[in-house]
Amino acid sequence: MIGNIRQYLDQKTTTMMVHAFVTSRLDACNSLLFGLPDNLINKIQRVQNIAARLILRVPRHEHITPLLYQLHWLPIRQRITFKILLLTYKVINYMAPDFISELAPLHVPTRALRSASEQRLEITFRSSTKFYGDRSFAFAAPHLWNGLSNSIRSASSVASFKSRLKTYLFRQHFLSV
């Protein structure tokens, strides 16, 4: 639909339409996609790639990484990680419902340790199925959260956390490519 009228739109309007009709759908409930195999994630990634090419008016044969970098978009797998970690931050800072908070309890050491102030999560979930259990929030949240640096975990506000986390994920992806 947007591709059919793209020639009549400027880049700003196209970006607004892509955000309204495409990226908002990519981000809706995407935390449920954690742990999916690459072949399924790649199908969703193709949609994001087409959206980036549409905004920037770049032909299909151009490499996508510079385009995502230019738009400052995280690839799909990083967007999923971002969503899970944002929800985890809200859990730790009492901004999430209780039923979600119960899935990610804080680690409380049995004795006084320097790491007690690091806000680590207890890894309590043991999956009985490799394919589905490792995709649950109770499994993913502690593993992803405990892998973050303390400077990101200790952000004082949601906006600050989002900014630090996006910068971290952005650098992690684009500097490794």
Given a Förster distance of 22 angstrom, what is the FRET efficiency for L36 paired with H143, based on the Cβ-Cβ distance and rounded to 0.05? 0.90
Within the stretch 57-87, backbone nitrogen closer than 19 Å to the virtual label 7 Å beyond the Cα of Y8 toward Cβ: 57
Mean Cβ neighbour count within 10 Å, used as a protection proxy, ranking 162-174, 135-147, 4-16, 77-89 highest first: 77-89, 135-147, 162-174, 4-16
Between D134 and D27, the two model label points (7 Å from Cα along the beta-carbon direction) sit apart by a distance in nm of 2.9
To the nearest 0.05, the calculated FRET efficiency linking L56 and K90 through their beta-carbon distance, R0 being 41 Å, is 0.80
Net length gained if the chain between S151 and V47 were fully extended (0.36 nm per residue, minus Cα distance): 34.1 nm
Karplus ³J(HN,Hα) for the stretch 89-94 (6.51 cos²θ - 1.76 cosθ + 1.60, θ = phi - 60°; Hz, whole; x = Gly/Pro) runs 4, 5, 4, 5, 9, 6
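Every read-out reported here was derived from the displayed coordinates using simple, explicitly stated rules and does not represent laboratory data. Here the structure is a predicted model, which is why all the values come from computation and not from measurement. Cβ coordinates were reconstructed from backbone atoms using ideal geometry, including for glycine residues, and neighbour counts include every protein chain displayed.
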